[in-house]
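Below is one structure, written out as structure tokens; the observations come after it.
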Amino acid sequence: GAGVSQSPSNKVTEKGKDVELRCDPISGHTALYWYRQSLGQGLEFLIYFQGNSAPDKSGLPSDRFSAERTGGSVSTLTIQRTQQEDSAVYLCASSQRQGRGNEKLFFGSGTQLSVL
Amino acid sequence: LAKTTQPISMDSYEGQEVNITCSHNNIATNDYITWYQQFPSQGPRFIIQGYKTKVTNEVASLFIPADRKSSTLSLPRVSLSDTAVYYCLVGGSSGNTGKLIFGQGTTLQVKP
């Protein structure tokens with residue numbers, strides 16, 4: 001596709017349910033990032049995938065959060081036993097990372113998650 | 001990781017030039033400086049990127065002093081549509097550990 005695609009665009013769930021958020025990066029981009037943005041706040045780093053390397057999970061807020069990237073392309077962010085404080089916009093970004101410090105991130109439109 | 005500091009908010013009027021400065025005192029030698037713009041209900045989008053001195057494109061200019069400990073995004077003749085949050089981002093040069101951390105951003109409000 002032409003850009004980063006995220007689905008669903010909106011997700012309403014009940015407290016305690018599990019949710020899966022999907023990200024399709026730009027074809028050929030080796031790096032993929034997940035960020036979380038609460039209302040009126042900045043972007044909170046969650047997890048980073050680069051090629052076949054082990055992901056950097058240092059930003060995941062709890063063990064209820066996990067993410068995987070299959071075949072170096074599509075990524076899924078899973079939140080188990082959702083809580084109301086998980087309500088936020090979840091943004092995915094990809095880049096053609098070359099390790100030279102000049103990468104440019106391309107963002108999707110995000111998934112608005114609402115936990116009731 | 002290089003931490004960035006920006007003003008939380010700025011106001012301007014249509015037609016004025018707006019300069020937003022970002023401090024990044026512990027920038028690494030190979031780090032670039034990148035600015036993103038975010039409108040409500042959208043993901044951030046790339047505006048401009050630079051390493052040193054001055055960079056200009058059709059949207060903005062980026063000024064970086066010799067010590068690279070700060071940078072200034074310059075938006076010429078802003079319009080109402082430039083009302084957005086602007087993020088300064090530093091990093092990406094650390095190979096496989098080069099995760100990119102966003103600061104709080106600067107909310108620019110352009111008034112008629």
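A 1.4 Å probe run over the range A:5-115, with the rest of the protein chains in place, finds 46 Å² accessible per residue. With a 10 Å cut-off around each Cβ of A:25-35, the average count of Cβ atoms from other chains is 1. Summing Lys and Arg as +1 and Asp and Glu as -1 over all other residues whose Cβ lies under 12 Å from the Cβ of A:Arg36 gives a net charge of -3. For the range A:5-115, carbon and sulfur atoms together expose 41% of the accessible surface, with a 1.4 angstrom probe and every protein chain in place.
The charge dipole of the protein assembly as shown, taken about its Cα centre with unit charges on the Cβ atoms of Lys, Arg (+1), Asp and Glu (-1) only, comes to about 320 debye. Scanning residues 5 or more positions from B:Asp31 or on other chains, none has an amide H under 5 Å from its amide H, with H placed 1.01 Å from N in the peptide plane. Local charge for A:Asp18 was computed over the other residues whose Cβ lies under 15 Å away, with Lys and Arg +1 and Asp and Glu -1, and equals +1.
Of all aspartates and glutamates in the structure, those lying under 18 Å Cα to Cα from A:Lys11, and not within fewer than 8 positions of it along the same chain, are A:Glu20, A:Asp24, A:Glu85, A:Asp86. Taking the chain by itself as reference, the range B:32-74 contains these residues with an accessible-area loss of 20 Å² or more in the full protein complex (1.4 Å probe, heavy atoms): B:Tyr32, B:Tyr36, B:Gln38, B:Gly43, B:Pro44, B:Phe46, B:Gln49. Buried accessible surface for the A/B chain pair comes to about 1900 Å², total over both chains, computed with a 1.4 Å probe. Simple rule: put +1 on each Lys or Arg Cβ and -1 on each Asp or Glu Cβ in the protein assembly as shown, find the dipole, and look at B:Tyr13, A:Ala54, B:Leu89; the Cα lying farthest toward the positive end is A:Ala54. Note on the protein assembly as shown: the alpha carbon radius of gyration divided by the globular reference 2.2 N^0.38 Å gives 1.02. Summed over the residues of chain B and divided among them, the accessible surface reaches 49 Å² per residue at a probe radius of 1.4 Å. The portion of the accessible surface of chain B made up by carbon and sulfur, rounded to a whole percent, is 50 (1.4 Å probe; DNA, RNA and ligands excluded). Take every Cα pair under 8 Å whose residues are at least 6 apart in sequence, average their separation, divide by the length of chain A, and the relative contact order is 37 percent.
The values are calculated or read from the model by the stated rules, or taken from the named source; none is laboratory data. This structure is a prediction, so every number in the text was calculated from the model and none was measured. Note: ideal-geometry Cβ built from the backbone for every residue, glycine included; neighbour counts use all protein chains shown. SASA here: full protein model, heavy atoms, side chains in, ligands and nucleic acids out. Shrake-Rupley method; radii C 1.70, N 1.55, O 1.52, S 1.80 Å.
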